[in-house]
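Trainee: First the structure, then my questions, so here it is.
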Amino acid sequence: MTKKSIFLISIGLICSYFLVSIYLSMQTTRNDISIVIADPKVNPVALKVAVIGDPHLSEHADSLSQFRALISSVKNANPDLIVFVGDYIKNPRDIVDIATHRKNIINTIKLVDPIPNAIVLGNYESWSNPKEWYASFSRAGLNVMENETDLIETSSGVVCIRGFGDDYTGQYRYINFPQTCNDLPKLSITHDPAVAFYEDVKGLVIAGHTHCGQVSIPFIGPLWVPSNAPSEGHCGLHIDSETTLFVTSGVGTSILPLRYGAQSEWDLMSIYYKNNE
C-alpha cells in the first residue's frame, strides 16, 4: 500500500468519524440528573422537572413535527413540572410569517397539558416582538414569566417558580421570592446562565442559551459561548456556596446547523429538597 493510499484512507476515516459524531450529537437524547437542594425552611420533597431549551424551530413542517414528538416523549416520562428556557425559533430574519410560526410553536408547547409548565423567553423572542410572545403564551393559558414569580401546583405539591428575563438582551431585572414562598420548594428559570452569577441570585437556577458550546473541540473546548457567565457556568451542573446552576445543552442549533461535542438533549431533573433536620 502506498503512502498516498494510506493518507487518503486516513483522511476518509477521520471525515467519517466527524460525520458520525455530528450525526449522533444531533439526535436528541434524554439526560437524567439528580441534585439535592438544602433549605432549612422546606419540608423534604422530591420533584421531577423536565427541561427543554433552545428548540430553534424553523417554519418547515418537519421541524414542528419533531418538536411535537419531543413533547410527547417528555410527557411520557411523567415529570411533575416542565420548564421551557427560551429560544423557540430560528433567527427571526429567516422567518417569513412570524405570527403563524409563533402560533404553531405555542400550540405545540400547549400539548404539555395537563402537566404544569413554566416558560421564559430567550434572546430570539426578545428580537421578535417579546410583548407579543408573552401575550400569546398567556392567552394560551401557559405560565410565561418575565421577571416575576408564580406558585404552581404540581403532583408533588406547590412549587414557587421565579422566571427571570433574558440577560443577553438586557431583559433581566432582579426580583425576590415573596414571603409566601418561604416554606416552599423554590427554583428560578432563565435563558442566559449569566443571571445565576449576579450577587442577589441564590438557590437553584435552570438556564439554557449556550448549547454547551454547540461545537466543542476535544482539548480545546467550545469555539464560542455567547454569555457573560464564567466558563464553569456554560454547561451542565455548577454548584457554589450560594447557588446551584444547571445549564441544559438544549435541543436545537443556531448559526451553524450542526453539533459536535455538545449533545442535543432534554433533561429530566430529580430534585430532592432537604431541610437537614
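Trainee: Give the residue, chosen from TRP266, TRP224, that is open to solvent by less than 50 Å² (accessible area, probe 1.4 Å), under 30 Å from GLU59 (Cβ atoms) and not charged (D, E, K, R).
Mentor: Result of the check over TRP266, TRP224: TRP266.
Trainee: Residue by residue through the stretch 150-171, note down the ones that are crowded, with 17+ Cβ neighbours inside 10 Å, of a type in the set (Gly, Ala, Ser) and part of a strand (DSSP E or B).
Mentor: GLY163 - this is the single residue of the stretch 150-171 that is crowded, with 17+ Cβ neighbours inside 10 Å, of a type in the set (Gly, Ala, Ser) and part of a strand (DSSP E or B).
Trainee: Across the stretch 235-264, what is the total count of residues that are closer than 28 Å to ALA69 by Cβ and either hydrophobic (A, V, I, L, M, F, W, C) or over 12 Å from the mean Cα position of the chain (by Cα) (or both)?
Mentor: Result for the stretch 235-264: 16.
Trainee: What tally of residues in the stretch 61-102 results from selecting those that are within 21 Å of MET145 (Cα to Cα), assigned to a helix (DSSP H, G or I) and aromatic (Phe, Trp, Tyr)?
Mentor: 0
Trainee: Quick one: which residue in LEU64, LEU81, LEU111 is surrounded by fewer than 21 Cβ atoms within 10 Å (Cβ to Cβ), touching a residue at least 12 places away in the same chain (Cβ under 8 Å) and under 28 Å from ALA46 (Cβ atoms)?
Mentor: That would be LEU111, the only listed residue that is surrounded by fewer than 21 Cβ atoms within 10 Å (Cβ to Cβ), touching a residue at least 12 places away in the same chain (Cβ under 8 Å) and under 28 Å from ALA46 (Cβ atoms).
Trainee: Let me ask something else. Can you pull out the residues in the stretch 129-149 that are under 19 Å from the mean Cα position of the chain (by Cα) and either open to solvent by less than 50 Å² (accessible area, probe 1.4 Å) or of a type outside the set (Phe, Trp, Tyr) (or both)?
Mentor: PRO130, TRP133, PHE137, LEU142, ASN143, VAL144, MET145, GLU146, ASN147, GLU148, THR149 - these are the residues of the stretch 129-149 that are under 19 Å from the mean Cα position of the chain (by Cα) and either open to solvent by less than 50 Å² (accessible area, probe 1.4 Å) or of a type outside the set (Phe, Trp, Tyr) (or both).
Trainee: What is the residue count in the stretch 121-155 for residues that are out of contact with any Asp or Glu (no Cβ under 6 Å at 6 or more places or on another chain), under 23 Å from ASN182 (Cβ atoms) and β-branched (Val, Ile, Thr)?
Mentor: The qualifying residues number 2.
Trainee: I'd like to verify a number: residues in the stretch 236-263 that are open to solvent by 50 Å² or more (accessible area, probe 1.4 Å) and touching an Asp or Glu at 6+ places or on another chain (Cβ under 8 Å), how many?
Mentor: 0
Trainee: Oh, and also: Could you please let me know if ILE105 is open to solvent by less than 40 Å² (accessible area, probe 1.4 Å), modelled with pLDDT of 95 or more and part of a helix (DSSP H, G or I)?
Mentor: In short, yes.
Trainee: Also: Which condition number in (1) of a type outside the set (Phe, Trp, Tyr); (2) surrounded by fewer than 21 Cβ atoms within 10 Å (Cβ to Cβ); (3) in contact with a Phe, Trp or Tyr (Cβ under 7 Å, 6 or more places away or on another chain); (4) free of Cβ contacts under 8 Å to residues at least 60 places away in the same chain is the one that ILE89 fails?
Mentor: So ILE89 meets the others, but not (2).
Trainee: Among the candidates ILE271, ILE189, ILE217, ILE175, single out the residue that is surrounded by 14 or more Cβ atoms within 10 Å (Cβ to Cβ), hydrophobic (A, V, I, L, M, F, W, C) and without any contact (Cβ under 8 Å) to a residue 60 or more places away in the chain.
Mentor: ILE175
The values are calculated or read from the model by the stated rules, or taken from the named source; none is laboratory data. Note that the structure is a prediction, hence the values are computed from the model and not measured. Neighbour counts run over all protein chains shown; Cβ positions are idealised from the backbone, glycine included. For accessibility, only protein heavy atoms count, side chains too; no ligands or nucleic acids. Shrake-Rupley method; radii C 1.70, N 1.55, O 1.52, S 1.80 Å.
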